[in-house]
1. What are the pairs, 6+ residues apart or on separate chains, where a residue within region 48-77 that is closer than 20 Å to Tyr296 by Cα has its Cβ under 6 Å from a residue that is among the aliphatic types (A, V, I, L, M)?
2. Looking at (1) under 20 Å from Cys260 (Cα atoms); (2) modelled with pLDDT of 90 or more; (3) touching a His at 6+ places or on another chain (Cβ under 9 Å), can you tell me which one Ser69 breaks?
3. Has region 317-326 got at least one residue that is modelled with pLDDT under 95, farther than 13 Å from Gly284 by Cα and surrounded by fewer than 18 Cβ atoms within 10 Å (Cβ to Cβ)?
4. Spot the failing condition for Glu155; the list is (1) in the same structural domain as Asp228 (by TED's automatic domain parsing); (2) part of a helix (DSSP H, G or I); (3) among the charged types (D, E, K, R); (4) at pLDDT 95 or above, and only one is missed.
5. May I ask you to say which residue of Asp148, Asp131, Asp115, Asp119 is under 30 Å from Glu232 (Cβ atoms), out of contact with any Lys or Arg (no Cβ under 7 Å at 6 or more places or on another chain), in the same structural domain as Ser102 (by TED's automatic domain parsing) and not polar (S, T, N, Q)?
6. What number goes with the only condition from (1) more than 25 Å from Trp99 (Cβ to Cβ); (2) part of a strand (DSSP E or B); (3) under 25 Å from the mean Cα position of the chain (by Cα) that Val219 does not pass?
7. I'm checking my understanding of the structure. Among residues of region 113-131 that are without any contact (Cβ under 8 Å) to a residue 24 or more places away in the chain and touching an Asp or Glu at 6+ places or on another chain (Cβ under 9 Å), which one is surrounded by the most Cβ atoms within 10 Å (Cβ to Cβ)?
8. For Pro289, all conditions in the list (1) at pLDDT below 95; (2) away from the ligand (no atom under 15 Å from the Cβ) hold save one; what is the number of the exception?
Amino acid sequence: MDNPNPPRIGGEIPDSPDSEVPLADCLLNRTTPDRFDEWHDEREYAKNIENGTPYFNEAGYQPDSERHSPSKLLRCHRRQLYSDHNAPEEEPDPSGIFWTGSKLEEELLLPFLKDTAADLGAYVQNSIWVDYSIDTHAGPLQFKGSTDPVIVDAEATPILPTEIKTRATLDNLTSPNRTHRAQLHAYLVGLSEEYGIELRTGLIVYVSRESLDIQTFRVDFDEAFWEDVLLEWAATHTQHRLEEELPPATPEDEWECEYCSYRERCGEGDRNYSDATTTGLLPGYTGYPREKLVAYFRAYPDARLTPSLAFAHPDLVDDHGVYDWECSECDASRSWNSVEWDGNVTQPPRCPDCPKEGAIAVLRGPAAGDQLQGGDECETA
Ligand code: SF4
């Protein structure tokens, strides 16, 4: 008969076998969500080292103001600046989509490209690093990144770089996304410079995660697009980084807001925030995924939880500390756990030091821009 209350996997059973504990129980105890997360994090860490990108493992990595990644060109400047400063993200990473994308590339598209190239006496290099500098009116700008598979000749000289992207479906796909064209343009320039050749054409391949069908687009180098759009975007973004002012909330493509992980911070979310600085947690906002909070504290070890986040994540309190409540009307501040509150962010606690009559005085955490003393932040414009 089944045990109506089976022990929770990962509970009390030891995870090393001995005469008392069967191997199966130990295995069950090791195949838990927490252990999987730990294993996955370690694997990603090792992969960044294998791929020559160990800096992705550094807590709080921030690019130099003149450095640009081909995969981030033409993004909303505000979104990119939040990302540059490791602002706390409001959505979890779509890790499953990333993983599926790299598997589809490795196990489906790469073999297809290899076979196609081999039929014509060519080869495929999995990826090639580009790292080059271009003089612009904002000074020299650096472009550094890694291509997708590149079809090469017998001397390993690039013939046709590809950019592989996955989508849920290929429905209504009539032209390549401009950010994908931008990325490919940056690789065409970098590969041309690196190999002393004139590479003018690339290939974008879209794969449907649903059907595994593909759609391909030839991309020819467009000088005006490169000079007037891409280099201009990069120069402007470098200026935003140097001026340390929050760029306007004006993405070229409005759909970008839908997928942006800083909607609340920016002012496009459902709550009453707008134009928040590039660092600091939004007071009263508890929607941050736990792993994003942890990433934020790794980037900013002096940061603390807001009082409302302390109620939502009490297990993080000992490691990171908590800012005091501040009154919206008087100068009073109170430690986070000295105030009775049920954690309902739509009804913040009242200030016990303000008069009962008159203005409604509520307690909240400090504004995002006031949280890090001498912090690395951009002011709102
Ligand atoms: S919500 Fe839209 S405008 Fe705001 S940072 Fe994100 S992409 Fe840019």
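1. Going by the 6 Å Cβ cut-off, the qualifying pairs are Ala59/Ala299; Gly60/Ala299.
2. (3)
3. Looking for residues that are modelled with pLDDT under 95, farther than 13 Å from Gly284 by Cα and surrounded by fewer than 18 Cβ atoms within 10 Å (Cβ to Cβ), one finds none in region 317-326, hence no.
4. (2)
5. Asp148
6. Condition (3) is where Val219 drops out.
7. Top of the filtered list is Ser127.
8. Every listed condition holds for Pro289 apart from (1).
The values are calculated or read from the model by the stated rules, or taken from the named source; none is laboratory data. What you see is a predicted model; the values in this text were computed from it and never measured. Cβ sites come from the backbone with ideal geometry, for glycine too, and all protein chains shown count toward neighbours.
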